[in-house]
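Okay, structure first, notes after.
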Amino acid sequence: MGLGGIFVQGVLVRVVTTAVGEERTLLLAMASTALGFSALSYVKTVYHLAPALALVSIGYGLAVPCLSTSSPMYPWSRASCRV
């Protein structure tokens with residue numbers, strides 16, 4: 001997930017959160033991860049593995065910044081997953 005994660009967290013997080021907002025970004029991230037894991041259960045060849053792992057990578061890349069900035073450890077900060 002290395003280069004995919006770098007792209008997602010470096011570029012895609014800002015683009016998606018600006019376009020749809022933080023809550024919908026987290027919802028999109030969870031949907032992408034769920035679809036990726038569902039697709040992994042049907043993979044029969046290596047060629048089908050790449051799109052499934054891409055969905056998981058995008059989902060994790062979008063979810064981690066959103067979840068880490070809305071941590072209950074920092075109740076004074078407003079939830080924001082912009083990097």
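The values are calculated or read from the model by the stated rules, or taken from the named source; none is laboratory data. Computed from a prediction, not measured in an experiment: that's the story for all the values here. Note that we place each Cβ from the backbone using ideal geometry, even for glycine, and neighbour counts take in every protein chain shown.
Residues checked against (1) polar (S, T, N, Q); (2) more than 11 Å from residue 55 (Cβ to Cβ); (3) exposed (fewer than 13 other Cβ atoms within 10 Å of the Cβ):
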residue	(1), (2), (3)
5	no, yes, no
9	yes, yes, no
16	no, yes, no
27	no, yes, no
40	no, no, no
Open item on the list: Quick check on residue 78: is it at pLDDT below 85, basic (Lys, Arg) and under 15 Å from the mean Cα position of the chain (by Cα)?
Closed with: no
TODO: Under 6 Å between Cβ atoms, at least 6 apart or on separate chains: pull out the pairs that start in region 48-65 with a residue that is under 16 Å from residue 22 (Cβ atoms) and without any contact (Cβ under 8 Å) to a residue 60 or more places away in the chain and end on any residue that is not in a helix (DSSP H, G or I) and not hydroxyl-bearing (Ser, Thr, Tyr).
DONE: 65/81; 65/83
TODO: Exactly one condition in (1) modelled with pLDDT of 90 or more; (2) in a helix (DSSP H, G or I); (3) of a type outside the set (Phe, Trp, Tyr) is not met by residue 43; state its number.
DONE: (2)
Task: Filter result (assigned to a helix (DSSP H, G or I) and in contact with a Leu (Cβ under 9 Å, 6 or more places away or on another chain)) within region 1-29 - done: 4, 8, 9, 12, 13, 16, 17, 20, 25, 26, 28, 29
